[in-house]
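> Below you'll find the structure I mean.
What follows draws every value from the coordinates through simple rules; no lab data is involved. This one's a predicted model, so the numbers in the text were calculated from it and none came from an experiment. Every residue, glycine among them, receives a Cβ derived from its backbone with ideal geometry; neighbour counts consider all protein chains shown.
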Amino acid sequence: MPILEVKNLKKYFPIKKGLLGNKLSLVKAVDDVSFSIEKGETLGLVGESGCGKTTTGRTLIKLYEPTSGEILFNGKNIANLSSKEMLPYRRKMQMIFQDPYASLDSRMTVGDIVGEAIDIHKLMGPKDKEERVNYLLNKVGLNKDHASRYPHEFSGGQRQRIGIARSLAVEPEFIVCDEPISALDVSIQAQVVNMLEELQSDLGLTYLFIAHDLSMVKHISNKIGVMYLGKMVELSPSRELYKTPLHPYTQALLSSIPIPDPKMAAKNKRIMLEGETPSPIDPAPGCRFKNRCKFAKPICGDIEPILKDMGNGHCVACHLY
Ligand code: SF4
């Protein structure tokens, strides 16, 4: 059984329009998205800014209330649980935030930041908590002397390690990693990804790993989902996706990954997408990628393509298939 199964998840944000502010429009940030993640695996979720990947992650752990759909965590639908009913699940589902500067309270010591969730969930007394905090700092490559310091005394990479230690404090089973390396120097990114992989195998964690391009999720993901304007347009086992990308948007994303070897790079034909991403406010019918797709046909403007399994769990939403 998957640890997490998402069925037809929608998250719409209402906005008021018109002079009196009473005409409602909807930003369809996540629109009918379904996927599942097996225990101990990583699903990479990619797409450009505004595609709904972060909103999906936040809705899964109920930082946002879903508009509709099911979120089955270990078989239990948590989509409509109240804040009180969610409390035991909050322990099991944690988040690592993108910005290691804004996500840590500068007035708290590292020890207090990492141990805060232990206090909230009343898991142990002060002595045991101190030991647990020291253990966690050690686990992410810091040490117990760092517990009494403040976030501003650390580099970006070290701050992200503190954020990771904080997410581990309450022994979660599932972690949403929301672009955890995109704000870091390139030299630090690989270290953080390797550490997340080690923690995953040591602690049996399951990740949803959100990133804005496919190069960042390549090594850590078992499966990859590609989102465009609130829709899942392709979902596939990782290797299969890199070998045979099916959706025109995925093909464009893959072609934009820089290749270090100049000879190989010369052979790579970069697909340049033209036009702007359309607004997610009340999107037009049909395929949401149609304005930028060089393969668009009349049917693409009328009928929205649904995600179809093309074999081996490789699913794509496109009228070309
Ligand atoms: Fe392009 Fe049509 Fe496929 Fe959309 S459905 S990606 S417009 S070919």
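> For a protection proxy built on the mean count of beta-carbon atoms within 10 angstrom, sort 121-130, 191-200 highest first, please.
191-200, 121-130
> Past 23 Å, Cα to Cα, is the threshold; run Lys16/Lys84; Lys7/Lys62; Lys62/Lys122; Lys7/Lys39; Lys231/Lys267 against it and keep the listed order.
Lys16/Lys84; Lys231/Lys267
> Can you list residues whose amide H is under 5 Å from Met95's amide H, if they're 5+ apart or on another chain and H is modeled 1.01 Å from N?
Val176
> Of Pro100, Ile118, Met227, which is farthest towards the positive pole of the chain's charge dipole, taken about the Cα centre with +1 and -1 on the beta-carbons of Lys, Arg and Asp, Glu respectively?
Checking the options against the dipole of the chain, the answer is Met227.
> I would also like to ask the following. Which aspartates and glutamates have a Cα lying under 12 Å from the Cα of Lys144, excluding residues fewer than 8 positions away in the same chain?
Glu130, Glu131
> Would you mind getting me the FRET efficiency between Phe295 and Lys127? Use the beta-carbon distance for r and R0 = 56 Å, nearest 0.05. Walk me through the intermediate numbers first.
Details: r = 64 Å, r/R0 = 1.14.
In this case the efficiency is close to 0.30.
> Once both labels are modelled 7 Å past Cα along the beta-carbon direction, what's the Arg270-Val186 spacing in nm?
Going by the 7 Å Cα→Cβ label model, 1.4 nm.
> From the phi angles alone, apply the Karplus equation (6.51, -1.76, 1.60; θ = phi - 60°) to the range 292-303 and give each ³J(HN,Hα) in whole Hz, x where the residue is Gly or Pro.
Residue by residue, the range 292-303 yields 10, 9, 7, 9, 4, 10, x, 4, 5, x, 9, 10 Hz.
> Apply the Karplus curve 6.51 cos²θ - 1.76 cosθ + 1.60, θ = phi - 60°, to the phi angles in the range 214-224 and return the couplings in whole Hz, x for Gly and Pro.
For the range 214-224, the Karplus curve yields 6, 5, 6, 9, 4, 7, 9, 9, 7, 10, 10 Hz.
> Separate question: Scan around Met310 for amide H atoms under 5 Å from its own, H built in the peptide plane at 1.01 Å from N, and keep only partners 5 or more places away or cross-chain.
Placed amide hydrogens put Cys315, Val316 under 5 Å from Met310.
> A further question on this structure: Using Cα pairs closer than 8 Å and at least 6 residues apart in sequence, work out the relative contact order for the range 26-151, in percent.
17
> Mean separation of Cα pairs under 8 Å and 6+ residues apart, divided by the residue count of the range 42-99: what relative contact order is that in percent?
20
> When the dipole is taken about the Cα centre of the range 1-56, and only Lys, Arg (+1) and Asp, Glu (-1) are charged at their Cβ, what size is it in debye, to the nearest 20?
On the way: 9 positive and 6 negative charges, 98 e Å.
Approximately 460 debye in magnitude.
> Residue farthest toward the positive end of the dipole of the chain, with Cβ of Lys/Arg at +1 and Asp/Glu at -1: which of Gln191, Tyr89, Leu320?
After comparing all options, I get Leu320.
> Could you work out the relative contact order of the chain? I mean the mean sequence separation of Cα pairs under 8 Å and 6+ apart, divided by the number of residues, in percent.
With pairs under 8 Å counted, the relative contact order is 20 percent.
> Something else: Calculate for the chain the 222 nm mean residue ellipticity that helices alone would give, adding -39,500 (n - 2.57) per DSSP H run of length 4 or more and normalising by residue count, nearest 500 deg cm²/dmol.
When only DSSP H runs of four or more count, the value is -9000 deg cm²/dmol.
> How charged is the neighbourhood of Asn134? Take every other residue with its Cβ under 13 Å from the Cβ of Asn134, and add Lys/Arg as +1 and Asp/Glu as -1.
Neighbour charge sum, excluding Asn134 itself: +1.
> In a GNM of the chain with a 10 Å cut-off on Cα contacts, which of Met227, Met272, Met93 has the highest mean-square fluctuation?
Met272
> Evaluate the charge dipole of the chain about its Cα centre and quote only its size in Debye, nearest 20, assuming +1 on the Cβ of each Lys and Arg and -1 on the Cβ of each Asp and Glu.
Here the chain has a charge dipole of around 660 debye.
> Give, as a single signed number, the net charge of other residues whose beta carbon lies under 14 Å from the beta carbon of Asp32, with Lys and Arg counted +1 and Asp and Glu -1.
+3
> In sequence order, what are the phi-derived ³J(HN,Hα) couplings for the range 204-212 according to the Karplus relation 6.51 cos²θ - 1.76 cosθ + 1.60 with θ = phi - 60°, rounded to whole Hz, with x for glycine and proline?
So the Karplus estimates, Gly and Pro as x, are x, 7, 10, 10, 9, 10, 9, 8, 8 Hz.
> Pull up the cross-link candidates among the lysines for Lys294, meaning alpha carbon to alpha carbon under 17 Å and not fewer than 8 places away within one chain.
Lys269
> Tell me which residues come under 5 Å, amide H to amide H, from Ser36 once H is placed; ignore anything under 5 positions away on its chain.
It is Val6, by chain and number.
> Mean Kyte-Doolittle hydropathy of -1.0 or higher plus an axial Cα length of 20 Å or more: which whole DSSP H helices in the chain meet both?
186-203
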